[in-house]
Every structure is written in structure tokens, then in C-alpha cells.
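Take a look at the structure below.
The values are calculated or read from the model by the stated rules, or taken from the named source; none is laboratory data. Since we're looking at a predicted model, the values are computed, not measured. So basically every Cβ, Gly included, is an ideal-geometry build from the backbone, and we count neighbours across all protein chains shown. Remember, those area values only see protein heavy atoms, side chains included, never the ligands or the DNA or RNA. Shrake-Rupley method; radii C 1.70, N 1.55, O 1.52, S 1.80 Å.
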Amino acid sequence: MSFRDQIDFIRQHMKKNKLRVFMTVLAATMGCAFLIVLASVGFGLHKTMTDEMMSNQLLTEVRIFGREDGDSQITTADQQKMSELENVKAVVSRSYVDGVTSISMNDRTGQGDVQLTNLKEEEKANLALSEGEMPTKPNEIVIGYHFAQKLLTEAETELASQSEDEIPTGYTESMIGKTISLELTPLTEEKSDPKVWDFVVTGVAKEPAKDWMMDLRVLIDESYRTEFQEFTQPEVPAEESYFEVYVYADDIQHVGAITDTLKNDGYNVYSITEEMETMDLFFTALKAGLLFVGTIAVLISSIGIFNTMTISVTERTREIGVMKAIGANPKLIQRLFLIESTWIGVLGTIIAVTLSYGISYLANWIIPEIVMNIVAEEGMEDISVTISLIPWQLVAIASFISIGVAMISGWRPARKATKIDVIQALRQEL
Amino acid sequence: MIQIRDLCHTFSIGKRGKEKRVPVLKNVSLEIEKGQIVSIVGKSGSGKSTLLHVLAGFMKPESGSIQVANQETALLSESEHAAFRLNHFGFIFQNFQLMPGLTAFENIELPLKLKGVPKKERQINVEALVKKVGITQVADHYPNELSGGQQQRVSIARALVTNSPIILADEPTGSLDSETEQEILLLIQSLNESLGLTFVIITHDDEVANIAHRKYRLHDGALVNGGVLHVV
Ligand SMILES: Nc1ncnc2c1ncn2[C@@H]1O[C@H](COP(=O)(O)OP(=O)(O)O)[C@@H](O)[C@H]1O
Ligand SMILES: [Mg+2]
């Protein structure tokens, strides 16, 4: 029997029992759609998290915090070696001041995120200025884009503390060339007197990519590190002053390789690829779990297919007997029933995939809307949330499961059809 | 064409453990020549249908040999037997056994589909047969829209369509009135003459059996007089 004739034959049978076939396809559709939509949440959240992570962090950054053996310091020679690695753009050593800092400019005071760093390497890495120039002398500094906004007069500070709606504008003129004073108080048990250093601002960093990010950095040349340390922690020898090293790759695709190299060299390393791996692992497990639960729905719907096929074999016992009597091969009969159950699975899957894309679209549109209304926090509008995502891989997996299950559930009824006894079947009344 | 030797079959009936063994065919031996109409006549329950079922390969005999067109068919597997039937046998049943979902035309076409004959060729063959058995007017009717005689004509056409040399008929007129019975018997005779087909007709009715060239009588599973009863 040619394949076309087989298909014709099956179509004819399916037409005869439209309602039953429709209900079975509906069950298969619901099972498969449930599987896809459920798993799509795993894919959607994974994408949301990945996007969030990628947009909030410098992707090319590899952070090194000490050596794995714990005691020996990272030396300048080590840093030199790192900067000679392939695809490394810059190596920045960065540290924070160990004490209470207060920054003032004339009658204004402010809080800054004071960092001691190598400004030349910072420039190579990613530091771009919106205004001014990079420092050339040790006492020249670069400040963050929002720093001036937080440089408040006493009156402004008072105002800001009284009501949350009034946001003081801070210092609105150019900071370039201005001298600011850094007052440092050591964090010791007994009270100690602060000490003041003066710096000249030569550059202001570019505005951060995300508008909810605040850049309050005060970037001071690392030559002050020992000086500050001797003041705040005189008991610690200068050569043991702590700093972190950041290695910047020239491209995100090299981050993984650089991370691995540095790890092999015995450093404690953190990069986004590390975190991504952990996150990927988590989401892979989540997706597998959701697929598993979804597959149970498909299995439940397969009971419908099994039932329908069993009924239709029983109903057609006489016809199958006649077919066998006039010379139909039992294998052909088996194939006809298998194609029928497979076809039900395929139909169900096609409808389910279409339906799932619709549901996914609606979910991505409506759910964030509802959540935003409930949470209603400022700055949230900016975050794009994907609740449900259906990549082609998910469609492939779901189709495989759903059609596979349909075929398996048609297997027994099809076997039953081949075992029908011709004589018994012919004896059946019309 | 067909040689049956020492064919024996026993059914087990009743509950398991307490079965009774009922011999239904007892050393049946007979020979059927090509181009003949052969009838096997006997009372109800004498084992006629069982003999036909074994011959057709619907069931395996307990012992004995069956040769059809020089092939030992009792040894064939189920699939092999199906293929063998498709090429060597046509069937006419008492209840016609047409597919209710197919038109007369499509019912006749079915064995050709099973054989994988291309559509054009099928069309030509079926149309010719529709004319030959005289159902041109009702070829696109479904079985439940046809009279018994018309249904049996469709079933005869279905048996002929693959050009099988042997037609096996179990009570072909058992469900028909005597007038229609005559028509069908005449059709069988004319097909035998014009196409040289071999017919094996099973019947309880001597009148039907008498159209045969050879007639065997079966009584309690054994051939009466050990063989040919009468030759026309
Ligand atoms: N499947 C079966 N199981 C048990 N006994 C059977 C079976 N088929 C037929 N018989 C018995 O075998 C005998 C012959 O039956 P059958 O060949 O149908 O007779 P006929 O066609 O001549 O009327 C009958 O007594 C019948 O009851
Ligand atoms: Mg009978």
C-alpha cells in the first residue's frame, strides 16, 4: 500500500469519528501546550536574569582577590605578568580607604566612594571622561558623574533630611580645576583626630549606562595608598596594604579563557563567566524540572490517545479482519494505527506550539503590567522582564516528547489490531 | 492447483482444565484442478468453513499438508500467508464483508491498494469489473445503500480485481433470496468460463453445489466415500 493511500485510509477513519478525534487532539494539545508554557517560564526567567546581569556589570572584568594559598600578596611583577597575558586590555589595582572619609569643597560637604587606583590602567580599561582630562600629577583626581550632585551645603542637607520629595541639586557648576579636601578619620577604638588632604579635580567620568546608577567615585592615585594606610592602620606594614586587582579582557568572549588561565596560576578569581556558569546550572536544573512536570501533563493526555486508539481498534475489528483476510499484511495494519496515533500527536503539537506562542506573548505583556502595578517602585520601569520565552529548542524538545508519547500510546492498540483473529472478526455481526 | 492431504484439525472447547477435544476435520484429502468449480457440501457444523479457513490460511491445521500452486502453504508465516492470499486467492463471504465506510467502487479497489497498484491502473481495472459484474449504476453507493445481490456482486468484483486464480466462497448465496441466488450462481459460472478461474464453493445447499464440476460431501469432518461425490 502506498504511503499516500495509507494516509487517505487514515483520514477517512478519522473523519468518521470527528468528535472523538477532536477531543483526543484537544487533550494532546493541552498536554503539550502546558509543557511548553511551563518550561517557557524557565527560559524566560533565565533570559531576564542573564540580561540583568549583563547590563549591570562590566562583562569584561575579571576580579582577582588574592592567591589561593591565602597569604602571599599580589606584587607589581604579578600584575605585569597579567597584563602580558593574551587579550588582556588592562590590569587595575584598586583599593578602598580604610577609615571614615568626608569630602568638602568650601561650604559644601559630600560623601564619596573613594578609591585608590591606577588611573592610567583605569583609562585603558574603561574609564571615559565626560569633562576635563586625565590627571598627570599624583594630587590630581577624577570624580564620578554624580559626585557634584551630592556635594551639598548645610541648608541643602537640612532640606533633604526633612522631606523626601525635595531633592537638592548640589553643586551645578563645573568641577574641573576645583580643589576638594578629603578628611580621613581612622576606625580605631579610641577617638583620633582626622587628617586632611587636598586634591585637584581634572576630570569627570562619563554618565553610567543605566540611569538608575549613581557614580559617586573619587578616584585617587594609588601612590597615596601607603600614606593613607600609615595614618589609618599604622600597625600594618605598608607593603601588606590590601588591594584588589582587576583584569580587563579586550572582548567578552576571552573572559572565560583569561579566568581559567588566572585560576591555573593560583589566583582567587571572580568573573561574570563564573557567576553565569552557576546561574546557568541553576536554570538548567529549573528547566529540567519544569520539563519533567510538563511531561507528566503530556503523559496524562496520552491516556486519551490510548483510549481513543483502543476504542477505534475494537470498533473496527471486523474491518481489520476483512483486511487481513483479503491479504493485508499485519505489519501494514499496525503501521496504519501507529500513523493515526502519531498524527493525533502531531496535530496536537502543532496547535499547542501555536497556542503556546500566543499565551507566551500575552504573559509577557500582561504579567509585568500587573506586577508593576502592585510593586509600583520607582526605577522599575527600566527593567525589561521576560516571563516566558519559547526558543526553538523548547519547541523541539516538547514536540519530541509529545509526538513520542503519542506514538508510544498508540503502540499497544496497534499491536492489538495485528493480533485480531480473522475468523472471529468475520463472524462479527454487521 | 490445490492438493490437500490428510488434513486433521481438532478444536478444544469449554473451560480451561476441563476442555473437550472435538475433532472437526478428519483426514481430509482432496484435489482441485485449475479452472474448475468445486463445491464442498455438507450439513451445518460438518466442518466446511473450518476446511476453507485452513485452506485460506486464517488458521493453522493440526496436521496434514496443503499445496496451492505447488507451494506448501501450511508452513507459511502469518505475513507470508497474507501476501500469498493477496496474490492467489479472492474471497466471497456469506455476509459480503464490505467496508461500510467505502463506496462500492472503493471496496473493489481496496485489494489493489494493498498491492500498491498505481491509481490510474486501479481506476481502469475497477471500472472494467464494475461493468462485468453489472453494478455500474451503483458504483458510488455505500454498502448500506445496496441490495444483498448488489453487495455480493461488489464482493465478487473485489475477489476478482487482483486477478487471483482461485476464488474461495463460503456460502456465497446464504444471505440471498432464491432469485438473486440464481443470478449470482450464473455470474460465477460465466466468470469461470470467461476467465478460467478456479472456484471453491462451500455450501449446505445441494442446488448450489450442483453448479460445480466436482462436488465433495463433508460429514462430521470427513469426506463421504473418501472423495469425489459427483462430476458434472
Ligand atoms: N473456534 C472454534 N472453537 C471451537 N469449536 C469450533 C470453532 N469453530 C468451529 N467450531 C466447531 O467446529 C465444527 C465445524 O464448524 P464449521 O467448520 O463452522 O462448520 P460449517 O461451516 O460446516 O457449518 C462445529 O461443531 C463448530 O461448533
Ligand atoms: Mg460455515
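May I ask for the accessible area buried between chains B and A, both sides summed, probe 1.4 Å, to the nearest 100 Å²?
2200
Over the stretch A:93-242, with every protein chain in place, what whole percent of the accessible area is carbon and sulfur at 1.4 Å, could you tell me?
Of the solvent-accessible surface of the stretch A:93-242, carbon and sulfur hold 47 percent.
Read phi for every residue in the stretch A:7-18 and hand back ³J(HN,Hα) as whole Hz from Karplus 6.51 cos²θ - 1.76 cosθ + 1.60, θ = phi - 60°, with x for Gly and Pro.
Those phi angles translate into 5, 4, 4, 5, 4, 4, 5, 5, 5, 5, 10, 3 Hz.
Select from the stretch B:132-167 all residues whose loss of accessible area on going from the chain by itself to the full protein assembly reaches 20 Å² or more (probe 1.4 Å).
B:ARG158
What FRET efficiency would be calculated for the residue pair A:GLU133, A:VAL371, taking the C-beta separation as r and a Förster radius of 45 Å, to the nearest 0.05?
Here the calculated transfer efficiency is 0.50.
Can you compute the modelled spin-label distance between A:THR50 and A:TYR242, with each label point 7 Å from Cα toward Cβ, in nm?
3.5
In the protein assembly as shown, what percentage of the DSSP-assigned beta bridges are antiparallel, given to the nearest 5?
Expressed as a percentage, antiparallel bridges in the protein assembly as shown total about 65.
Using the alpha-carbon atoms, what tilt in degrees (0 to 90, nearest 10) does helix B:119-132 show relative to the longest principal axis of chain B?
80
With respect to the cross-link table entries A:LYS16/A:LYS324; A:LYS124/A:LYS210; A:LYS15/B:LYS119; B:LYS113/B:LYS215; A:LYS150/A:LYS178; A:LYS324/B:LYS48, which display a Cα-Cα separation exceeding 27 Å?
From the list (A:LYS16/A:LYS324; A:LYS124/A:LYS210; A:LYS15/B:LYS119; B:LYS113/B:LYS215; A:LYS150/A:LYS178; A:LYS324/B:LYS48), the Cα-Cα distance tops 27 Å for B:LYS113/B:LYS215.
Mind listing the phi-derived Karplus ³J(HN,Hα) values for the stretch A:277-286, rounded to whole Hz, using 6.51, -1.76 and 1.60 with θ = phi - 60°, and x for any glycine or proline?
Per residue, the Karplus-derived 3J(HN,Hα) values read 4, 4, 5, 4, 4, 4, 6, 5, 5, 4 Hz.
Could you give the accessible area per residue of the protein assembly as shown, probe 1.4 Å, as a whole number in Å²?
With all protein chains present, the protein assembly as shown gives 50 Å² per residue.
For every other residue with a beta carbon closer than 12 angstrom to the beta carbon of A:ASP215, add +1 if it is Lys or Arg and -1 if Asp or Glu, then tell me the sum.
+1
For the stretch A:107-150, which GluC sites (Glu not before Pro) pass both filters: DSSP loop (anything but H, G, I, E, B) and at most 15 other C-beta atoms within 10 Å?
Within the stretch A:107-150, the qualifying GluC sites (Glu not before Pro) (loop, at most 15 other Cβ atoms within 10 Å) are A:GLU133.
Report which residues of the stretch B:41-65 become buried by 50 Å² or more of accessible surface when going from the isolated chain to the complete set of protein chains (1.4 Å probe; DNA, RNA and ligands ignored).
B:PHE58
Check each residue of the stretch B:81-99 and keep those whose accessible area, probe 1.4 Å, is at least 50 Å² smaller with all protein chains in place than in the chain alone; give them in order of residue number.
B:GLN97, B:MET99
Roughly to the nearest percent, how much of the accessible area of the stretch B:11-164 is carbon and sulfur, given a 1.4 Å probe?
Carbon-and-sulfur percentage of accessible area, whole number: 48.
Taking Cα centroids, how far is the stretch A:349-376 from the stretch A:146-199 in Å?
Their Cα centres are 47 Å away from one another.
Considering only DSSP beta bridges where both residues belong to the stretch B:2-231, give the percentage that are antiparallel (nearest 5).
Antiparallel bridges make up about 50 percent of those DSSP assigns within the stretch B:2-231.
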